[in-house]
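Read-outs: derived from the displayed coordinates by stated rules, not from any lab. This is a predicted model, so every value here is computed, not measured. Note: ideal-geometry Cβ built from the backbone for every residue, glycine included; neighbour counts use all protein chains shown.
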Amino acid sequence: MNPLLPLTVAAVLAASPSLEGLWEGPVTCPPLATAPERPQQPFVLTVSITQGAEGLEGFMGSQQQGLSAQLKTLSVEDQTLRVTANVPHHYQAELVGPIEEGTWKATLTQGPLSCSALLQREADVQRKKLPIPPTSQPKPVWSWISAGEMLFRHYGVLGPEDALGFASQCAIVRALFSGNPRFECNSNCNFCKSMAGGSAHEVVGMLTDFPRKRLASGRRTPRLFAATAPVLDSGEVRRELDQGNPIVASLNLGAPSAGTEPGMNSFLPPLHLAVIVGYLKTQASTWYLVNDPYPFPQLTSNPYVQNQGIPIMGLRSGAPVPVAYWLREDTLKSKLRWKESFLVRAEPPAPPP
C-alpha cells in the first residue's frame with residue numbers, strides 16, 4: 001500500500017495557475033476571546049504540492065500545534081485554490097483563497113478558528129521518493145530487523161511471495177542466529193524477547209549476511225554490501241536517493257516512553273533505526289521522508305509529531321496510524337539526534353544457468 005494517498009482533484013481547468021512547489025508564509029489569527037487585548041503572534045505555514053506517481057500529493061506543516069498533516073483534497077476554480085487536511089486528533093484544516101502570480105491569499109479555518117494567510121510559491125523544488133512501503137516492527141527492539149526488511153524488499157532479496165511483516169522478519173532473525181544454542185527464537189519467534197542490534201557491526205552483518213544465506217539456499221537474489229558512515233549532509237543524502245539507495249539512520253528519540261530501544265553499544269544513549277526514503281529540497285530548506293517502523297501508541301508521545309514532523313498515515317490492524325514522516329533536515333539531526341548512517345549497495349543476481 002502506498003502511504004501517500006493521492007489527492008482528490010476537482011475542477012482543475014486548463015487555465016488554472018501553477019500549483020506545484022512549496023508555498024510558505026505567515027498566518028495571522030485574531031486575538032483569543034479570553035484575551036482580546038493581546039493579539040496572537042503570526043506563525044509560518046508551509047504547504048507542499050508535488051506531482052506524485054498517482055497524481056498531486058502534498059502536506060501542510062507548521063510549528064503551530066495541530067496543523068501538520070497530509071493534504072486530503074485539492075481543488076481549483078476561478079483561480080481560487082482550496083486544500084484540506086485531516087489533522088490527527090484535531091479539527092480538519094482548510095485553506096482557501098485566490099492565487100495570483102505566485103501569491104496565495106488564503107483563509108485558514110480549523111474548527112472555530114479563522115485566520116488570514118499570505119503564502120508565496122517557490123517553484124524550484126527538487127524531489128525524490130523511493131517506492132519503499134513502510135513496515136512495522138512486531139517487537140520493541142526489532143527496528144533494525146524492520147529496517148532490514150524494507151531494504152531487502154527494495155533490492156529484491158525478499159519478493160512478493162514473502163509474507164509482509166512479522167513472518168519475514170522472523171525469517172531474517174532465524175537465518176542470522178539459528179544454530180546458536182542461546183538463540184531464544186529457535187522454536188517460535190513469538191518467544192523472542194530481545195534480539196536488539198548489539199552493535200553497528202551487527203547491523204551491517206544483518207544487511208549483508210541475510211542475502212548471502214538466501215543465495216546459499218538456492219534463491220536467486222542480489223548480494224548487498226553495507227558500510228557505516230557518519231551523519232550525511234543534504235548533498236550526500238540526495239546523491240544516495242537519486243541513485244536508488246535508501247539510507248538507514250540511527251536515531252536517539254529520547255525518553256523510553258517515546259519508544260526508544262537499548263543502545264546498540266552499551267556506552268551510547270538509546271538508539272533506534274529508521275529508513276530515509278525521500279527528500280524535498282528548496283533554496284531555503286530540505287525535508288526528508290522517513291519510514292519509521294515503531295508503532296508509536298500515542299501522538300502526544302510521538303517524537304516526530306512533537307517536533308513538527310508531518311505524519312503520513314497508513315492502516316495497521318485496521319486502524320489509521322502514522323507509518324512515515326516528512327520533517328526538516330535540521331529537525332532530524334538536532335531533535336531526533338541522527339547519530340550514524342548505514343549505506344547499502346546491491347550487486348545484481350547472477351543470470352540463471
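As a proxy for reagent exposure, ranking Phe296, Phe225, Phe342, Phe191 by other Cβ atoms within 10 Å from fewest up yields Phe191, Phe225, Phe296, Phe342. Which of the residue pairs Lys72/Lys105; Lys139/Lys213; Lys139/Lys281; Lys72/Lys339; Lys128/Lys335 have a Cα-Cα distance greater than 27 Å in the structure shown? Beyond 27 Å: Lys139/Lys281; Lys72/Lys339. Place a point 7 Å from Cα of Gln306 in the direction of its Cβ. Which residues in segment 35-78 have their backbone N less than 20 Å from it? Only 62-69 fall inside the zone, counting backbone N under 20 Å.
Cross-link partners of Lys129 among aspartates and glutamates, defined as those whose alpha carbon lies under 20 angstrom from its own and excluding same-chain residues fewer than eight positions apart: Glu20, Glu54, Glu57, Glu149, Asp233, Glu236, Glu240, Asp242, Asp292, Glu329, Asp330.
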